[in-house]
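See structure below.
The values are calculated or read from the model by the stated rules, or taken from the named source; none is laboratory data. These numbers come from a predicted model, not from an experiment. Every residue, glycine among them, receives a Cβ derived from its backbone with ideal geometry; neighbour counts consider all protein chains shown. Calculation scope for accessible area: heavy atoms of the full protein, side chains included, ligands and nucleic acids excluded. Shrake-Rupley method; radii C 1.70, N 1.55, O 1.52, S 1.80 Å.
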Amino acid sequence: MSPNPTPPPTVWTIKALINWTTEFLAKKGIENPRVDAQILLAHVLKCKKIDLIVRYNEQPEEAERTRFRELIQRRVAGWPVAYLVGSRDFYLLSFDVSPDVLIPRPETETLVLEALAFLKPLKSPIVLDIGTGSGCIAISIAHQKNDARITAIDISPDALNMAQRNATKHAIAERIMFLQGDLFAPLSAGVSFDLVVSNPPYIAHSEFAGLAPDVRDHEPRVALDGGLDGLAFYRRIAGGVGRFLKIGGGLLLEIGYTQEAAVRGILAEQAELELGPTLKDMGGHSRVVIAKRRY
């Protein structure tokens with residue numbers, strides 16, 4: 001805290017709560033203090049974040065202020081906001097999340113956009129999502145491409161439960177088949193897909209110490225751990241995907257922004273795969289590597 005912190009206001013209006021909490025979170029080193037304060041207060045008041053503006057002069061009840069204080073304390077202790085409120089917006093939808101699943105990131109929307117562009121000319125396409133987590137990729141695709149059928153796989157039964165909950169929430173559960181298992185293991189022999197998508201674990205063991213505490217200490221390790229060099233799952237996907245892709249079928253892989261050359265090299269070793277471009281995310285970082293099955 002600074003030697004001369006702003007004294008608490010005498011009347012705790014919504015505006016006063018946001019302003020004071022923003023300053024408090026900033027001094028604690030929270031990256032987006034005002035946004036976090038607004039999201040957490042809106043959650044407590046059961047309203048949308050934008051509604052806080054027109055309610056600036058309202059005074060929340062003591063019980064609401066107490067609950068808000070508790071959430072702020074947990075945020076300072078390192079808990080991600082998405083876990084505190086139980087949801088995160090992604091693409092055009094809101095997804096329920098818990099510590100059982102990785103929190104959806106805006107960067108992953110790059111993969112969804114490319115998937116939809118690939119699928120647009122296809123009639124009743126069949127899609128595979130490997131490592132579905134919260135289901136944000138599979139469900140976003142199904143929501144926008146209403147004749148698509150999707151198989152979503154995850155090794156974690158708890159993650160699959162969350163994904164199924166989100167599919168039901170967005171009324172597309174009948175078009176997604178959820179399977180529990182390791183990568184391609186749950187698939188039946190002979191099944192093939194028009195498109196395979198994945199945001200696999202890609203954090204190298206040496207990188208964990210440098211992760212933000214809210215990621216390192218709270219998000220599921222199984223959804224982050226990409227092996228010694230962060231590339232273990234790309235090798236396994238590249239080696240196994242060919243027998244599950246139709247000829248001309250697409251493969252979209254999200255990558256860490258420093259992994260483009262390594263992942264492209266892994267895919268280039270597979271004779272049946274033809275490399276496409278690497279797409280950049282909104283921040284200008286390499287984010288999605290594209291390939292197709294050539295024969």
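A few remarks follow.
- Here the chain is treated as a sphere whose radius is the Kirkwood value from Cα pairs; by Stokes-Einstein at 25 °C and 0.890 mPa s it diffuses with a coefficient of 119 µm²/s.
- Low-density loop positions, GluC sites (Glu not before Pro), the stretch 247-285 - DSSP coil, at most 15 other Cβ in 10 Å: GLU269, GLU272
- For the chain, the relative contact order works out to 13 percent when only alpha carbon pairs closer than 8 Å and six or more residues apart are counted.
- Mean accessible surface per residue for the chain, computed with a 1.4 Å probe while every protein chain stays in place, in Å²: 48 Å²
- About the Cα centre, charge dipole magnitude for the stretch 164-261 (Lys/Arg +1, Asp/Glu -1 at Cβ), debye: 420 debye
- Between 0 and 90°, nearest 10: helix 109-119 axis offset from the chain longest Cα axis: 40 degrees
- Dipole size of the chain about its Cα centre, with +1 on Lys/Arg Cβ and -1 on Asp/Glu Cβ: approximately 480 debye, rounded to the nearest 20.
- The chain - mean residue ellipticity at 222 nm from DSSP helices (-39,500 (n - 2.57) per run, n ≥ 4, rounded to 500): -10500 deg cm²/dmol
- The spacing between the stretch 11-89 and the stretch 123-199, judged by their C-alpha centroids, is 34 Å.
- Point-to-point label distance, VAL215-TRP12, nm (Cα→Cβ direction, 7 Å offset): 3.4 nm
- Carbon/sulfur fraction of accessible area - the stretch 227-289, other protein chains in place, 1.4 Å, %: 57 percent
- Between helix 62-76 and the chain: long-axis angle, C-alpha atoms, 0 to 90°, nearest 10: 50 degrees
- At most 16 other Cβ within 10 Å, DSSP loop - chymotrypsin sites (Phe, Trp or Tyr not before Pro), the stretch 182-274: TYR257
- Helix axis angle, 14-27 relative to the chain longest principal axis, alpha carbon, degrees: 70 degrees
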